[in-house]
Structure formats: C-alpha cells, structure tokens
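I have placed the structure first, in the form of structure tokens, so that the comments after it can refer back to it.
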Amino acid sequence: MASLVAGAGAILIMIGIIFQIVQLAVSIRRREELRDRTGDPWDGRSLEWATASPPPVFNFAVLPDVRGENAYWAMKARAKKADAEKSETDYQPIEMPRNSPTGFVCAFFATLMGFALIWHIWWMVIAGFIGAFATFVVFAWRDHDEYEIPAEEVARIDRANINQRRDMVSAAGGR
Amino acid sequence: MSVTMAYGARDPHQVLGLDDVEHSGPASKRIVTGFGFWIFLLSDMVMFSCFFAAFAVLSGNTAGGPRGSEIFDLRNVAIETGCLLMSSFTCGMASIAADVRNRFWFQVAMAVTCVLGLAFLFIEFREFAGLVARDAGPSRSAFLSAFFTLVGCHGLHVSAGILWLLTMMAQVFAKGFRADILRRILCFALFWHALDIIWVAVFSVVYLLGSAA
C-alpha cells in the first residue's frame, strides 16, 4: 500500500517534469511569435506589468500613483475614463546608482575566506579577509556613486514602450 | 483586513511615519536607507534567535563537562555589560555630534565607543581563551558548542562593528559629513545599538540564568 502511494507520487512528479520540459520546448520553438514587447501581455493588475519587458534600468519612468490594491489595474481604468494617454507626462531626470563590481569581488574574497576557514589555511583566511574589507573601503570611498538619466532620455524610452503597447493593442483589435 | 483598508484609505507613505511631509511622494533616501538597514537587522535578529533557541535546548547537555554556573564569572560579565552599555551611550553622543556637524566631538565620541568596544572584546577573548585552556572549549559538550556559537557570533558582530566604526571615523576625517556618509553613520548607530540589545539578551539568558542553574 505504502509503495503504491509512493509510486503514484513519483508518477505525478514525473508528469510535472515532463510538462516542464514540454513547456520549455514549446516556449523556445515558438519564441518569435510569443515574444512580448509590451511588458503587459496578460492585461495585469499589479505594478510589475506597468513597465517594459525587459524593464529599463530605472524601472518606472514616472513614479506610479498608487491608490490602493491592484494599482496598475486602477491606473488603466482611470486612463480609459479620462483618455489620459493623450495628456503629456511630465518626465523628470532620474538618479541612478552607478554600476559597481563590489558585490561580486567581495563575495569572491568572502568565499575564499570561508574555504580557508574550513580547511584551516590561515594565511588564506587573512588574505580573503583583507581583500573583502579593502573592496568594501574602496567602494565606500567613491566620490561619485550616482549618475543622472536626462529627462529626454527617460521620455524617449517611455514613449517607445507606450507606442509598443498601443501597436500591440490595436493589432489585437483594441481592448 | 482592517490593516489593508486603513492602508488604502490614507497615503501609504504615512505608514513610514512621514505624516509631517506635506506632499505625498517617495520617501527621502535617509528614510529608505534606514528602513533597508532595519530589514537587515531583523534578519540578523532571526539568526540570533536561532542561536538562542539552540542554546536554550542544549544548555543542560554538558556531557559530564562543566555547567554554566561553574565557568561563568559574573564580575567579568558585569564589566563587559558596563562597557557595552557605555559604548551605546557614547555612540548616541556621536550621532548627536554628527547631527550638529561637529567633527571634533564626533571623532572623540567614536574613539571612546571604539575603546569601550575593544575593552569588551578583550574581556570576552580572555574568557574564551581561559575556557579553552581548561578543556572547556566548544568541542567539550553540546552546551559549550552552543555557548561559543552564540556568544562568539555576538563578539564577531562587535569586531565587525569596530572595523566599520574606524572606517566611518576615517571617512568623516577625509570627506566630512556628506549626505551619504551621514546615512552610513545612521546605519552604524542602528547596528551598534542592536548589538547592545542582543547582548542584554545574552547577558540575561546565558549568564544570569546559566549561573542560577
């Protein structure tokens, strides 16, 4: 009896694995026709669908006006009512943190130190520790850790996304 | 449910205690940074909770080795506690000095905090070395494993805190009270005070209860 239950469970898991492989195969084979350029293929409710796919580095061109749950759904409903798509958005420049390899380098030295601690290689422990700490100090010593994306660039990226969405919606016969 | 309704009814940013800000909008970087650091501290508290739980379960399993009441020296622990509580006070003074942009008193208060932290570490290290020397090291019993893990983890945090403290002193010396450096000082102060709270729990659960048992 127990082996029957276990066997049925194993078969269920196997079916799950097969479906996952099928999904991957179908997704890869039909990737051109299924590719989403709007970021909102399912007419979503929450904010992760409100930006492009893949999202721009700044995620949101303007800070979303959140009023309650299902924020993006409410924003779309309001836009339909007020025809807000025609009104001009006030784009502002966006401050972004500069890219930095600090996390990777620190993790490298920390891993080295962990390895050395396990195997009692004391010189390597010290080397790993100094490396990680030095990386941290170098990162903390930077004078310029941000850059600004100008408002025109934000507007260009956001308008491109809005147009993609409009094309997609009209191609699907409107919403 | 009532929480969500109250949340939806008002400006959600008021949840962060920004009722005095007139316009709604994103919270300031100082608020966001402090909030993020609190989340890190909470994760740290979760880790310490696990070590506390392990210690509570294992504190009786001495495997024929010494019990807590035989190895704890409450006089030492009282001095350690005094050092750490005083260092929290001087850390608070450093925060005030940073708020009024007084470099001199910031450096003095941070230096005193550092010395008190080092004194704490010195006493703790001497206690650990003494225990290992009399064959009461972490491999002696489950009780001592849990003891060294919990207390040692706190000690490691204090060591890291002192390195951070020295880095902040050097940063203020070299660059002054820049906005990003002030945010780091805020986070350091949160870290240092949180370590103090954890020590109060270590002091009570490990040393006071352990000495009574």
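The values are calculated or read from the model by the stated rules, or taken from the named source; none is laboratory data. This is a predicted model, so every value here is computed, not measured. Cβ: placed from backbone, ideal geometry, glycine included. Neighbour counts: every protein chain shown. Just so you know, the surface numbers come from the protein's heavy atoms only, side chains and all, with ligands and any DNA or RNA stripped out. Shrake-Rupley method; radii C 1.70, N 1.55, O 1.52, S 1.80 Å.
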Please find, among B:L166, B:L195, the residue that is in contact (Cβ under 8 Å) with a residue 24 or more places away in the chain, in a helix (DSSP H, G or I) and either open to solvent by less than 50 Å² (accessible area, probe 1.4 Å) or charged (D, E, K, R) (or both). B:L195
If you check every pair at least six apart or on different chains, which have Cβ atoms under 7 Å apart with a residue in region B:117-144 that is closer than 22 Å to B:A54 by Cβ first and a residue that is in a helix (DSSP H, G or I) and aliphatic (A, V, I, L, M) second? B:L131/B:I71; B:A136/B:I71; B:A136/B:L144; B:G137/B:L131; B:G137/B:L144; B:P138/B:L144; B:A142/B:L58; B:F143/B:L58
Just the residues that are hydroxyl-bearing (S, T, Y) and open to solvent by 10 Å² or more (accessible area, probe 1.4 Å), please, taken from region B:76-135. B:T81, B:S88, B:T90, B:S95
I need a count of the residues in region A:42-61 that are under 16 Å from A:N161 (Cβ atoms) and open to solvent by 60 Å² or more (accessible area, probe 1.4 Å). 7
Within region B:145-155, is there a residue that is open to solvent by 40 Å² or more (accessible area, probe 1.4 Å), part of a helix (DSSP H, G or I) and out of contact with any Asp or Glu (no Cβ under 6 Å at 6 or more places or on another chain)? yes
Can you tell me which residue is nearest to the other protein chains (Cβ to nearest Cβ) among those in region A:83-103 that are in a helix (DSSP H, G or I) and open to solvent by 80 Å² or more (accessible area, probe 1.4 Å)? A:E85
Can you spot a residue in region B:42-61 that is open to solvent by 70 Å² or more (accessible area, probe 1.4 Å), over 30 Å from B:G130 (Cβ atoms) and modelled with pLDDT under 95? no
Name the residue that is most open to solvent (accessible area, probe 1.4 Å), counting only residues in region B:169-187 that are of a type outside the set (K, R) and without any contact (Cβ under 8 Å) to a residue 60 or more places away in the chain. B:A174
Among the residues of region A:24-61, what is the count of those that are free of Cβ contacts under 8 Å to residues at least 24 places away in the same chain and within 14 Å of chain B (Cβ to nearest Cβ)? 2
Taking the residues in region B:169-183 that are touching a Lys or Arg at 6+ places or on another chain (Cβ under 9 Å) and in a loop (DSSP other than H, G, I, E, B) as candidates, determine which candidate is nearest to the other protein chains (Cβ to nearest Cβ). B:G176
Within region A:62-82, the residues that are away from every other protein chain (no Cβ under 14 Å) and open to solvent by less than 100 Å² (accessible area, probe 1.4 Å) are A:Y72, A:M75, A:K76, A:A77, A:R78, A:A79, A:A82
Assuming A:F19 fulfils every condition listed in (1) of a type in the set (F, W, Y); (2) surrounded by 10 or more Cβ atoms within 10 Å (Cβ to Cβ); (3) within 20 Å of the chain's Cα centre (by Cα) apart from one, which condition is it? (3)
Evaluate region A:139-152: report whether one residue or more is out of contact with any helix residue (DSSP H, G or I) (no Cβ under 6 Å at 6 or more places or on another chain), within 11 Å of chain B (Cβ to nearest Cβ) and assigned to a helix (DSSP H, G or I). yes
